Structures are given as structure tokens and as C-alpha cells.
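S.K.: Following this message is one structure expressed as C-alpha cells.
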Amino acid sequence: MNDNQSHYIPGLEGVVAAQTRLSHVDGEAGELVIAGFPLEEIAPRAAFEEMVYLLWSGELPTASQLEEFRFLLAENSRLPAAVLDVLRAAASTGVDSMEALRMTAGLLSLDLPSDSQGWAQDAALLARLPVMAATWWRLRSGLQPLEPPPGMGLASSYLYMLRGSEPHPAHVRALETYLNTVIDHGLNASTFTARVIISTGSDLVSALVGAIGALKGPLHGGAPGPALQMVFEIGDPDQAEAYLRKKLESGERLMGFGHRVYKVRDPRADVLAAAAETLYRQAGDMRLYELARAVERKALELLEEYKPGRRLQTNVEFYTALLLHGLEIPLELFTPTFTISRAAGWIAHCREQQRENRLIRPQSQYTGPRDRRWVPLEKRTESSGAS
């Protein structure tokens, strides 16, 4: 295709670059479908391993299949010694959590099961991520890392490795709902990155490293921490309006509101809002939850006043922050916790792309000069350049 025929679309907005059975995002209707299930139908009910199995196979597992899958994840969760060494170095030198994940993900190739052994390789990559995140955090905190305890699911195991004690059942259910909610979301930047890498014939580890690199960027990985900090700074529902008006009048963005895709309320926000309410009622401080809801209501009211027609609704970051805080997950692990879930989606997309077996190779549109002529080095001046 020549330049005259090419049509440049910034950010590939609206361009369909893949067909997938994994998830469907409808930003206008505010709908998210995961492998045929409306998000709100499955996320609050399924175990995380069930969601992963659904994405990887296309069907929910039977009881025996789920037991076998959990065993597969558990037996492939041990970290190579080199990964532990790098995590120790990263923690001691102040490397942040996502940088530590990116650095160590590539080392997982050291003892990865063969790609021909069914889901063993996929399971190893997924199961080791929560171990890596928890290990980095404990080392960073001056604590010894813990191995995944036998018999625990991935969500409960992750909480155990962070805290060193068996988690409250309400915490496990809340974390599983969160992991289920963010497991896949169309052809987002990190998923697209993973599919591009695997489409070249490269390996799954390379695709995982590239996807983590894409997710590290704040424009994709987001910033759920600031959304919660805003709630803390407000402190009292009566202070919300003055605080929010000041931010809007100074041109600041309200964190946790607005989304590039969703033009109505992000369906993930609804699922996580319900999960947060359940969590805080069973094992938390309802005053914080009620404060967050009051801030949300006032923010939506003022956004419509200051930015009419922009349709800036609550996004997934707002309730991600509230839920993960209620789970006592440190702020530094908010994005790694998201990564643990989304990696299951990346792996599913990579396997789907491999079955399609087509290199992703879009066009670019040239905007530089033409018809330049060579100027010998001895004849070039500051003004002549090489034209």
C-alpha cells in the first residue's frame, strides 16, 4: 500500500487488528463480556482458577478438572534461584515493583516446562507472578519470603505470602472478584503488545516481558493509588464539594473518573463497588466505604457541571483502590496485583494468536522530506545539512 492509499489513524483508534473469543468491550453500552459471560454474572461467583480455565479452554471446568488445574499451578509455582537473587538485589537497591517484575519475568525461561507439555508452561508463568510480587514486597520490607502453601488457591496463597497468616475468607472472595474483573479487556496496549511479539514466532516469556513493559506505563497501567489518596484527603463527605471544585477549577483531573473506551459507567466499577461493599461490611471499616461513595456521587455531579457532555463516569481505578486497600495490599503492589490477573489474559491471547499464525505488521505513513541529495562531508555547512 503506498502513502496515498494509507489512512493514518492516531493510536489505531477503532482499528480492528484481531478476532478473539476471549472478551468483548462495548464502551457505548458499558458492557464487558468474558468468554460469553457478562462480567457481572461471573466475576463475583467464580474462583480465579475457574476464570483462567475458561479463558484458556473456552469452557468452565468440572470439579475434577478444577482440582487438576489447581495442582498444575501449584506444582509449577516455585521460583528459580536466579529469580530470587535478582529480587533480592531489586529490593535492596530500591527498584520498584513493576520494574522488578519486568526484570525477573525474563529469567523464568531458566527452568520453564516444555511448551509441548499442555498447559504446564502457561501455568508456570501465571503461578510464579504472585510469588515474585510477594517475594519482592517481603524482601523490600525486611522480611523473609514465603513459599506458596500447599492446598491454597492462587488468591489465598498470594495474601498468605504477603502477610504470613491465613487470610480471612471475605478477603479471599474480594481478591478473587477483583482478579476475575480485570483478567481481560479487549485489545488493550499490553495485550496488543503480547500478540505482536508472539506473532513473530517468538516465545511466551518474551511476550510476557513485553506486556509487563507496556503495563508499566502510567497511561495504561493507570494510577489507582491517587484515586484513593483523593478520598483520604477529603476525609469527610461535607468537604467533598469544596475539594473537588478546587481541583476542577485548577484544571486537574479527578483520578478514578473517565475512560478512553467507556462513554458510560465502566461495568468493572459496578462489580468492584459491590465487592468492596461486601468486603467492608464483613471485614473492614464501612466509614471509609461510605466516604468513597459520597465522594463518587459528588464527583459525578460536578463533572457533569464542569464538563457537560463529556460523559466522564467512574472507572475501574476508583474501586480498585478502595478494594485493594481493604485487602491490606500495599500501594506498591496495586499494579503487580493487576498484572497477576491480566497475565492470564495475555497468555490466552498469545495462544489464540499462535493458532492464527499471522505476523502483525501494520503500515506507517511517511511524513519526512523527499528528493534530498547527497552532500560530501567536506562541503557540508551548518545551514546546508545533507540536502
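Laboratory data are not the source of any read-out in this text; all were calculated from the coordinates shown. What you are looking at is a predicted structure, and each value in this text was computed from that prediction instead of being measured. Because the Cβ atoms are built from the backbone with ideal geometry, glycine has one as well, and the counts that use them run over all protein chains shown.
S.K.: Assign one of three labels to region 120-222, namely rounded, prolate or oblate, based on the Cα gyration tensor with a ≥ b ≥ c the square roots of its eigenvalues; rounded applies when a/c is under 1.5, prolate when it is not and a/b is larger than b/c, and oblate otherwise. Before the final figure, lay out each step's value.
M.R.: Numbers: a/c = 1.92, a/b = 1.73, b/c = 1.11.
It is prolate, given that a/c is not under 1.5 and a/b is the larger ratio.
S.K.: Here's something else I'd like to know. Return the sequence-ordered ³J(HN,Hα) values of region 300-310 in whole Hz as given by the Karplus equation 6.51 cos²θ - 1.76 cosθ + 1.60 applied to θ = phi - 60°, using x for Gly and Pro.
M.R.: Karplus values, whole Hz, x for Gly and Pro: 5, 5, 6, 4, 5, 6, 7, 10, x, x, 7.
S.K.: Taking amide H positions as placed in the peptide plane 1.01 Å from N, state which residues far from Ser23 in sequence (5 or more) or on other chains have amide H under 5 Å from it.
M.R.: Hits under the 5 Å cutoff: Ala35, Gly186.
S.K.: Output the relative contact order of the chain, whole-number percent, from Cα pairs under 8 angstrom with separation of 6+ residues.
M.R.: For the chain, the relative contact order is 23 percent.
S.K.: Please list, ordered by chain and number, the residues whose modelled amide H lies under 5 Å from the amide H of Thr314; skip anything fewer than 5 residues away on the same chain.
M.R.: When sequence neighbours closer than 5 places are left aside, the close amide H contacts are Gly258, Asp266.
S.K.: Lys pairs in the chain, Cα-Cα under 25 Å, at least 8 apart or on separate chains: how many?
M.R.: Qualifying lysine pairs in the chain: 10.
S.K.: Where does each of 171-182, 351-362, 47-58 land if you order them by average Cβ count within 10 Å, highest first?
M.R.: Working: 171-182: 25.3, 351-362: 12.4, 47-58: 21.6.
The peptides rank, most packed first, as 171-182, 47-58, 351-362.
S.K.: Take peptides 203-214, 31-42 and line them up by average Cβ neighbours within 10 Å, highest first, as a rough protection proxy.
M.R.: Numbers: 203-214: 22.4, 31-42: 18.4.
In descending order of packing, they fall as 203-214, 31-42.
S.K.: Treating only the Cα positions of region 76-126 as identical point scatterers, give the base-10 log of I(q)/I(0) from the Debye formula at each q in 0.14 Å⁻¹.
M.R.: -0.38
S.K.: Across region 332-340, in residue order, what do the Karplus-derived ³J(HN,Hα) couplings come to in whole Hz, using 6.51 cos²θ - 1.76 cosθ + 1.60 with θ = phi - 60° and x for Gly and Pro?
M.R.: Karplus values, whole Hz, x for Gly and Pro: 5, 9, 4, 5, x, 5, 4, 4, 4.
S.K.: Between region 285-357 and region 228-282, how many Å separate their Cα centres?
M.R.: Spelled out, the Cα-based centre of one part sits 10 Å from the other.
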